[in-house]
Amino acid sequence: MTAGTLALFIAATLFQLAGASILPATRGMTAPLPSFAVFACYAIGLVCMARLVVSGVNLSLLIPIITLAIIIGSVVVGITVYGDSPSSMKLVWLAGAVVCMGLSFTA
């Protein structure tokens, strides 16, 4: 993996995570500035993903890894920024999903 590929992957992940993190501020997409920020973040993240696919990154590998990174990042943002209280059962299910996805790459 080249440095450029890694940078695009990180950018795609962070922009999509930023978009998801801003969603509560949109008040159901009725607040114009946060809504625009969400659209912009997702658009930039998708452009980065498109560039990754064009550069030869396997789509069946890219989507699950970015999805998992966004899910874990969203949980962290929810807990630290928005004060969500994660139940132990939610965390167990999340850990199980991480393990299952990791095992799927070895098959």
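Each value in this text was obtained by applying a stated rule to the coordinates, not by laboratory testing. Everything numeric here is computed off the predicted structure, so don't read it as measured data. Using ideal geometry, Cβ is built from the backbone for each residue, glycine included, and neighbour counts are taken over all protein chains shown.
Relative contact order, whole percent, for the chain stands at 28, derived from Cα pairs under 8 Å and 6 or more residues apart. Mean residue ellipticity, 222 nm, helices only, the chain: the sum of -39500 (n - 2.57) across DSSP H runs of n ≥ 4, divided by residue count and rounded to 500, is -27000 deg cm²/dmol.
Here is what passes the span test in the chain: the DSSP H helices with alpha carbon length of 27 Å or more along the helix axis and a Kyte-Doolittle mean of 1.6 or above are 3-22, 32-54, 59-80.
Label positions at Trp93 and Arg51, each projected 7 Å from the Cα along the C-beta direction, are separated by 3.6 nm. By the count of neighbouring beta-carbon atoms within 10 Å, fewest first, Val76, Val81 end up ordered Val81, Val76. Would you kindly give the portion of the calculated P(r) for segment 3-106 that falls above 15 Å, as a percent of all Cα pairs? Roughly 67 percent, rounded to a whole number.
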